[in-house]
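A.B. asks: Mind having a look at this structure? Questions to follow.
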Amino acid sequence: MSPTSETAHGGRRLVIVESPAKAKTIKGYLGPGYVVEASVGHIRDLPNGAAEVPEKYTGEVRRLGVDVENDFQPIYVVNADKKSQVRKLKELLAESDELYLATDEDREGEAIAWHLQEVLKPKVPVHRMVFHEITKDAIRAAVANPRELNTRMVDAQETRRILDRLYGYEVSPVLWKKVMRGLSAGRVQSVATRLVVERERERIAFRSAEYWDLTGTFSTGRAGDPSDPSSLVARLNSVDGRRVAQGRDFGPDGRLKSDQVLHLDEANARALAVALADAAFAVRSVESKPYRRSPYAPFRTTTLQQEASRKLGFGAKSTMQVAQKLYENGFITYMRTDSTTLSDTAISAARAQVTQLYGASYLPEKPRTYAGKVKNAQEAHEAIRPSGDRFRTPAETGLTGDQFRLYELIWKRTVASQMKDAVGNSVTVRIGGTSSDGRDAEFSASGKTITFHGFMKAYVEGADDPNAELDDRERRLPQVAEGDALTSEELSVDGHATKPPARYTEASLVKELEEREIGRPSTYASIIGTILDRGYVFKKGTALVPSFLSFAVVNLLETHFGRLVDYDFTAKMEDDLDRIAQGEAQAVPWLKRFYFGEGDDRAGAAAGAGNGDGDHLGGLKELVTDLGAIDAKEISSFPVGDGIMLRVGRYGPYVERGEKDEEGHQRADVPEELAPDELTVEYAEELLAKPSGDFELGADPGTGHQIVAKDGRYGPYVTEILPDGTPKTGKNAVKPRTASLFKSMSLDTVTLDDALRLMSLPRVVGADAEGVEITAQNGRYGPYLKKGTDSRSLTSEDQLFDITLDEALAIYAQPKQRGRAAAKPPLKELGTDPVSERPVVVKDGRFGPYVTDGETNATLRTDDSVEAITPERGYELLAEKRAKSPAKKTAKKAAKKAPAKKTATAAKKTAVKKTAAKKTTTAASAAKKTAVKKTTAAKTTTAKTTVAKKTVASRTGE
């Protein structure tokens with residue numbers, strides 16, 4: 001029996017999901033007997049500040065939003081922007097006979113379902129409805145087979161939330177006091193930042209080593225073909241039995257790790273090449289081994305993020321946004337999963353497509369199964385795969401843009417996971433010869449042939465290293481045998497230098513966090529988003545570069561909160577949280593140990609509660625109480641060399657030599673976009689050598705005041721120095737004349753005359769026929785003319801001084817252009833944004849180039865360029881801007897514009913003119929009622945629009 005026919009006899013059912021998009025899709029599968037509404041993410045959470053905490057709570061409870069003295073009782077409040085939605089849910093519930101909580105089946109989703117139940121207080125039967133894909137069959141099966149709320153999962157999520165609140169709210173204020181206001185700390189974000197900083201430290205400490213070798217091209221002397229080439233390229237492997245040093249033989253200090261290898265410099269390498277020029281070469285050995293490669297497991301959250309980064313250029317956040325849309329619209333299964341398992345239905349669907357698309361020869365006899373590698377994985381979910389019992393090929397979906405590309409990636413990986421292994425042969429050939437000076441030189445070459453591509457016909461995994469060879473690449477060598485003579489066609493001498501460890505990309509950072517078992521994979525996208533938004537990390541291309549600010553933050557945390565950013569400690573905390581989720585440990589004793597420390601009597605029961613062996617939990621409260629030992633200046637200071645220090649100040653990083661106010665003191669700002677490993681002593685010296693501070697230009701002949709040029713926060717400018725005693729505040733305050741330099745001017749070339757001219761602005765050009773004064777002024781948006789309230793732009797700054805009255809009147813004689821200037825053509829088209837589904841272009845704006853989808857504008861960063869920006873980078877910038885922007889007050893504006901009141905007034909006036917007093921009263925009353933109905937309808941429509949526009953609230957960060 002269908003859900004609709006069941007409902008006909010069982011009353012109305014309210015189904016609550018998380019997002020409006022999901023609600024719309026599910027509604028189509030359930031029919032008219034069901035009301036499907038979205039909670040729009042979390043409806044309740046810990047308060048964002050003391051102002052949201054109910055008045056009855058005071059002290060630490062008000063600050064933290066958690067009552068640490070009473071078993072860490074959380075104080076939950078309904079989010080201000082969700083109150084109207086909660087009201088709507090309550091109204092719908094009052095008209096329903098059953099409630100289905102259909103939020104996602106993970107800890108977060110279970111917690112949202114619990115909060116809904118706590119806030120709505122239903123008096124009707126409540127069911128927990130779960131599904132892993134949004135298809136008609138899956139949704140109807142979920143309605144028919146509900147379960148109870150999993151309170152253990154709720155407790156685990158609540159413990160995580162409380163832990164993260166205590167960590168963030170106790171440690172962040174330390175950063176505010178000792179580093180800079182507005183910073184934040186977090187259980188996982190701080191550790192992720194430390195990883196990026198440590199990699200940069202390795203790059204700073206790295207010393208490159210130079211090494212040389214030879215590459216030979218050897219010919220068999222016979223004609224070749226694609227299956228049997230006529231020559232091969234081999235690299236020098238050893239000289240007189242000693243292996244020639246390669247990059248892997250050098251340490252980060254630039255020295256050899258072992259003296260057993262031969263380090264060739266340029267002179268020795270060239271001498272050896274000359275000595276081998278006329279040598280006779282022969283094949284010394286041919287070693288052949290079978291090659292076999294098995295398919296990759298289906299995607300889970302982290303592997304999808306990594307591959308989408310490598311192959312599609314998506315950031316982790318963009319990947320999850322696109323995947324969310326695919327899931328909500330029924331194209332893929334749930335995208336937050338640690339599992340690599342596939343259901344029997346999915347395996348059958350994948351095997352059917354292997355046969356259909358590639359043939360029976362590519363299908364293994366038995367279905368492939370994949371054991372999960374993720375510790376404490378939430379195995380309730382499948383791997384990420386196409387939804388349904390028959391997979392739609394990408395061409396059948398009707399998808400476009402990024403959704404198509406991501407679906408195709410998931411589809412290929414899933415189908416490939418049920419295909420046969422790729423098999424072939426790998427061959428190593430060693431070639432030897434004796435030089436004219438008697439040295440024995442041996443070269444080696446390796447090849448690979450694939451005799452059966454198997455799963456590689458469908459899919460090949462990408463690599464983090466752009467120079468890495470992918471699995472499906474063949475290297476064919478000539479068919480040679482031991483003893484075959486070869487002719488040296490060319491010997492080249494090659495120089496190499498060791499490279500510092502590569503910076504993390506989003507993909508490799510996700511991989512590192514997962515391998516270290518830090519945090520939960522489902523939160524990595526939001527973690528990376530947080531450290532980018534906080535300014536701890538910025539991007540150069542795809543590389544994650546730590547800012548100088550992050551060095552100061554990590555330095556403080558390592559020095560005074562070492563355990564909190566210790567990798568093993570963080571991983572053990574994750575273990576403990578998982579054990580709480582499994583019922584093997586209790587939350588309250590564990591939180592007591594974490595917050596108050598093991599020495600506190602209140603934590604005595606923790607050991608017996610199965611909360612670990614006591615080696616990784618301590619007292620957070622004590623750590624943040626005594627801050628006297630933290631030297632703020634020392635924390636934010638880093639030696640560069642030659643007496644130069646890099647310091648992180650309130651307004652950004654700078655280099656300094658000597659002490660302030662002492663002779664020889666030098667100071668210079670450091671570009672914020674500079675990567676820390678690029679700040680060398682030489683570059684610091686350049687910065688210090690640049691003119692800085694105040695440039696005294698001379699005295700103003702008219703006032704006698706000294707005129708100086710300065711480099712300010714908003715660019716170079718000139719100003720006058722007022723005499724001592726000049727009032728600076730109050731009604732008699734005198735402000736110094738100040739003017740920004742023209743774009744054509746610079747601090748080291750500006751003259752006193754230039755400064756006086758700049759400070760003479762605005763300049764009176766003259767008056768029009770009616771006596772209205774026209775002035776030329778330099779404003780925030782460039783030079784312009786002003787006549788009363790009428791302003792007209794000028795084309796150059798020089799016009800401020802030389803435009804004549806006739807020229808100004810001619811400009812005013814032209815019709816004033818209403819509104820904005822004609823839109824400039826886009827500089828570049830990027831494609832369709834995965835979130836707004838609007839075309840994205842790059843435009844040239846007042847403040848430089850920016851990306852826009854018509855709704856959201858995002859300025860290009862320093863390391864972005866119009867020529868090099870990719871569609872994915874453009875979407876990422878827009879996503880970041882949306883995340884920072886406040887929610888639009890659509891409902892309020894719509895309510896103001898509602899025409900209902902005007903209609904009522906008009907109707908009332910008409911009624912007065914055309915009817916008698918009694919009829920007038922009746923008509924007015926009717927019109928008033930109509931107006932009320934229309935206004936209510938307008939408000940309801942607007943509220944629906946507002947809810948529909950909001951995206952699902954972001955997952956709780958760590």
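A.B. asks: Scan the stretch 225-239 for residues that are in contact (Cβ under 8 Å) with a residue 40 or more places away in the chain and either outside the structural domain of Lys448 (by TED's automatic domain parsing) or loosely packed, with under 15 Cβ neighbours inside 10 Å (or both) and report the count.
C.D. replies: Here the count works out to 4.
A.B. asks: Next question, about the same structure. How about the stretch 842-875: which of its residues are more than 22 Å from Met320 (Cα to Cα) and outside any loop (DSSP other than H, G, I, E, B)? Even if it seems obvious, please write down each step before you answer.
C.D. replies: The first filter runs over the stretch 842-875 and keeps only residues more than 22 Å from Met320 (Cα to Cα), leaving 842-850, 854, 859-868.
Scanning the stretch 842-875 gives Val842, Lys843, Asp844, Gly845, Gly848, Pro849, Tyr850, Thr859.
A.B. asks: Let me ask something else about it. Of these, Glu515, Glu506, which one is free of Cβ contacts under 8 Å to residues at least 40 places away in the same chain, under 19 Å from Gln189 (Cβ atoms) and either among the charged types (D, E, K, R) or crowded, with 16+ Cβ neighbours inside 10 Å (or both)?
C.D. replies: Just one listed residue meets the conditions, Glu515.
A.B. asks: Test Val510 against the criterion of being more than 17 Å from Leu674 (Cα to Cα) and of a type outside the set (S, T, N, Q), and give yes or no. Before you say what the answer is, go through the steps one by one.
C.D. replies: Working: more than 17 Å from Leu674 (Cα to Cα): yes; of a type outside the set (S, T, N, Q): yes.
Yes: the conditions hold for Val510.
A.B. asks: How about the stretch 291-407: which helices (runs of 4 or more DSSP H) wholly inside it have at least 3 residues that are of a type outside the set (A, V, I, L, M) and under 30 Å from Ala879 (Cα atoms)?
C.D. replies: Filter on the stretch 291-407 gives 301-307, 316-328, 394-397.
A.B. asks: Name the one entry in Val196, Val179 that is modelled with pLDDT of 95 or more and touching a strand residue (DSSP E or B) at 6+ places or on another chain (Cβ under 8 Å).
C.D. replies: Only one candidate passes the filter, namely Val196.
A.B. asks: Can you find a residue in the stretch 127-138 that is part of a helix (DSSP H, G or I), under 30 Å from Asp576 (Cβ atoms) and not polar (S, T, N, Q)? Even if it seems obvious, please write down each step before you answer.
C.D. replies: Just the residues of the stretch 127-138 that are part of a helix (DSSP H, G or I), to begin with: 136-138.
Filter once more, keeping what is under 30 Å from Asp576 (Cβ atoms): none.
There is no residue in the stretch 127-138 that is part of a helix (DSSP H, G or I), under 30 Å from Asp576 (Cβ atoms) and not polar (S, T, N, Q).
A.B. asks: Which ranges mark the strands (runs of 3 or more DSSP E) fully within the stretch 751-799 that have 1 or more residues being on the phi < 0 side of the Ramachandran plot, touching a strand residue (DSSP E or B) at 6+ places or on another chain (Cβ under 9 Å) and of a type in the set (Val, Ile, Thr)?
C.D. replies: Answer list for the stretch 751-799: 763-767, 773-779.
A.B. asks: Sticking with this structure for a sec: Take Ala102 and tell me if it is of a type in the set (Gly, Ala, Ser), buried (at least 16 other Cβ atoms within 10 Å of the Cβ) and touching a residue at least 12 places away in the same chain (Cβ under 8 Å).
C.D. replies: Yes: the conditions hold for Ala102.
A.B. asks: Scan the stretch 712-730 and tell me whether some residue there is within 21 Å of Ala668 (Cα to Cα), surrounded by fewer than 13 Cβ atoms within 10 Å (Cβ to Cβ) and among the small types (Gly, Ala, Ser). Spell out how you get there, then give the answer.
C.D. replies: From the stretch 712-730, those within 21 Å of Ala668 (Cα to Cα) are 712-719; that's our starting set.
Then keep just the ones that are surrounded by fewer than 13 Cβ atoms within 10 Å (Cβ to Cβ); that gives 712-715.
Okay, now just the ones that are also among the small types (Gly, Ala, Ser), so 712, 715.
So far as the stretch 712-730 goes, yes, one or more of its residues are within 21 Å of Ala668 (Cα to Cα), surrounded by fewer than 13 Cβ atoms within 10 Å (Cβ to Cβ) and among the small types (Gly, Ala, Ser).
A.B. asks: When Pro500 is evaluated against the numbered criteria (1) out of contact with any Leu (no Cβ under 7 Å at 6 or more places or on another chain); (2) not in a loop (DSSP other than H, G, I, E, B), which criterion, by number, is the only one it fails?
C.D. replies: The failed condition is (2).
A.B. asks: Tell me, which residue of the stretch 640-688 that is among the basic types (Lys, Arg) and at pLDDT below 90 is nearest to Asn555 (Cα to Cα)?
C.D. replies: Out of the qualifying residues, it is Arg650.
A.B. asks: Still on this structure, please answer the following. Could you list, in sequence order, the residues of the stretch 705-741 that are aliphatic (A, V, I, L, M) and not in a strand (DSSP E or B)?
C.D. replies: Leu722, Ala733, Val734, Leu741, listed by residue number.
For every residue, the table says whether it meets (1) surrounded by fewer than 17 Cβ atoms within 10 Å (Cβ to Cβ); (2) touching a residue at least 60 places away in the same chain (Cβ under 8 Å); (3) over 30 Å from Phe314 (Cα atoms); (4) not assigned by TED's automatic domain parsing to the domain that holds Ile450.
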position	(1), (2), (3), (4)
Gln260	yes, no, yes, no
Leu264	no, no, yes, no
Ala267	yes, no, yes, no
Arg270	yes, yes, yes, no
Ala273	no, yes, yes, no
Ala277	yes, yes, yes, no
Phe281	no, yes, yes, no
Val286	yes, yes, yes, no
Pro295	no, yes, no, yes
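A.B. asks: OK, next. I'd like to check something: does the stretch 264-277 contain any residue that is in a loop (DSSP other than H, G, I, E, B), farther than 28 Å from Arg475 by Cα and in contact with a Lys or Arg (Cβ under 6 Å, 6 or more places away or on another chain)? I'd like the intermediate steps shown before the answer.
C.D. replies: Step one: of the stretch 264-277, the residues in a loop (DSSP other than H, G, I, E, B) are 264-265, 276-277.
Among the residues that remain, those that are also farther than 28 Å from Arg475 by Cα are: 265.
Among the residues that remain, those that are also in contact with a Lys or Arg (Cβ under 6 Å, 6 or more places away or on another chain) are: none.
For the stretch 264-277, residues in a loop (DSSP other than H, G, I, E, B), farther than 28 Å from Arg475 by Cα and in contact with a Lys or Arg (Cβ under 6 Å, 6 or more places away or on another chain): absent.
The values are calculated or read from the model by the stated rules, or taken from the named source; none is laboratory data. Computed from a prediction, not measured in an experiment: that's the story for all the values here. FYI the Cβ positions are ideal-geometry reconstructions off the backbone, even for glycines, and counts take in every protein chain you see.
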